[in-house]
């Protein structure tokens, strides 16, 4: 039931509803005409009939995200992911802390655009994943009647924050680094082995540390990735970054054989290893391979994906190999590689359409 009345020079509606046996109301003012207020009240009444949760629609987004994280994320994600969500909540509280009911498609896109001014597409996608996750929950629980995050365009400042030069090795550099790692490799020192594995698998550092010997199948040359390991905080196994992170991938037999050279005196394949130790080994081996610039361990994952894509491996296959939630994440992360392939494919398309298929030429 709604009432429409004038307040000063504008019109206001008030829609009444019951919650736990008590009458409550939602209202909005500022309408120029009585008809506008009436139309808006009808929308509100329809939302009420559809079971909308009016009580929480005025919650600030950051507060809602904190509650959502506590209920659905704490205890189910790694400590690193938990800290990342906390960081995103702090950003939202400072830069986009609006009431849930006031979030629109345009305002959410503006939030993404602001992030894209300084962050890479990959980083913006992470902010979107957790911000939209909370908002989608608000839709599922009828706090919101539609999802303002749908159809958002994820973008980023890739030239500034995610340059190809700083994130990837070229195929030729990859081959040089690979050869340098093999030269004098010794199972007493695990760092070279974990670097090689990351190069041929695209695995994250925590995933490599979480490998146990029963995850390696020497007969099929496959690696079963089902958990991670938190070397910084808990010093214990984790469930992995996402549900899609659990996967089985194939690696070269040469690298599999090398892994089995490592001592098997503990459950984990890589047990006597540190971030700093691996970083030092990577830096030294890059110099040995005459690669002037430095890269991070995580850059090996990006190199792995970009090389596979540039060599014609399907995006879906690369996405599954990396443990991405879906191929869209892969396409967004490696947009520059996809763009280069598009140019090459355009040339193939024109050639096919201009000269016909090989079957037609043989007729």
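The values are calculated or read from the model by the stated rules, or taken from the named source; none is laboratory data. Please read these numbers as outputs of a predicted model, since none were measured by experiment. Please note: Cβ atoms are built from the backbone with ideal geometry, for glycine as well, and neighbour counts cover all protein chains shown.
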Quick check: is even one residue across region 217-228 part of a helix (DSSP H, G or I), touching a strand residue (DSSP E or B) at 6+ places or on another chain (Cβ under 9 Å) and in contact (Cβ under 8 Å) with a residue 12 or more places away in the chain? no
Could you figure out which of (1) in the same structural domain as residue 129 (by TED's automatic domain parsing); (2) loosely packed, with under 13 Cβ neighbours inside 10 Å; (3) at negative phi; (4) at pLDDT below 95 isn't true of residue 75? (3)
Among the residues in region 297-307, are any surrounded by fewer than 18 Cβ atoms within 10 Å (Cβ to Cβ), touching a residue at least 12 places away in the same chain (Cβ under 8 Å) and over 24 Å from residue 170 (Cα atoms)? no
For region 112-209, please list each of the helices (runs of 4 or more DSSP H) lying entirely inside it that holds at least 2 residues being in contact with a strand residue (DSSP E or B) (Cβ under 7 Å, 6 or more places away or on another chain) and in contact (Cβ under 8 Å) with a residue 60 or more places away in the chain. 205-209
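Being part of a helix (DSSP H, G or I) and in contact with a strand residue (DSSP E or B) (Cβ under 7 Å, 6 or more places away or on another chain) is the filter; apply it to region 308-329 and report the residue that is surrounded by the most Cβ atoms within 10 Å (Cβ to Cβ).
Selected residue: 321.
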Give the residues of region 284-307 that are more than 27 Å from residue 218 (Cβ to Cβ), modelled with pLDDT of 95 or more and in a helix (DSSP H, G or I), sorted by residue number. 284, 286, 287, 288
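Going by the conditions given, is residue 34 touching a residue at least 12 places away in the same chain (Cβ under 8 Å) and in the same structural domain as residue 134 (by TED's automatic domain parsing)?
Numbers: touching a residue at least 12 places away in the same chain (Cβ under 8 Å): yes; in the same structural domain as residue 134 (by TED's automatic domain parsing): no.
No; evaluated as a whole, the condition is false for this residue.
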Applying the selection to region 316-353, what residues are within 13 Å of the chain's Cα centre (by Cα), within 21 Å of residue 173 (Cβ to Cβ) and modelled with pLDDT of 85 or more? 322
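Taking the stated definitions as given, is residue 14 part of a helix (DSSP H, G or I) and modelled with pLDDT of 80 or more? Reasoning before the result, please.
Working: part of a helix (DSSP H, G or I): no; modelled with pLDDT of 80 or more: yes.
Taking the combined requirement at face value, the residue does not satisfy it.
Kindly indicate which of 313, 269 is modelled with pLDDT of 95 or more and in the same structural domain as residue 204 (by TED's automatic domain parsing).
269
Per-residue answers, yes or no, for (1) in contact with a helix residue (DSSP H, G or I) (Cβ under 8 Å, 6 or more places away or on another chain); (2) at pLDDT 95 or above:
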| position | (1), (2) |
| --- | --- |
| 116 | yes, no |
| 125 | yes, no |
| 166 | yes, no |
| 181 | yes, yes |
| 194 | yes, yes |
| 199 | yes, yes |
| 206 | yes, no |
| 213 | no, yes |
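Only one residue in 206, 210, 184 is surrounded by fewer than 16 Cβ atoms within 10 Å (Cβ to Cβ) and not assigned by TED's automatic domain parsing to the domain that holds residue 96, so which one is that? Give the steps one after another, and end with the answer.
Details: 206 fails: surrounded by fewer than 16 Cβ atoms within 10 Å (Cβ to Cβ); 210 fails: surrounded by fewer than 16 Cβ atoms within 10 Å (Cβ to Cβ).
184 is the lone residue from the list that is surrounded by fewer than 16 Cβ atoms within 10 Å (Cβ to Cβ) and not assigned by TED's automatic domain parsing to the domain that holds residue 96.
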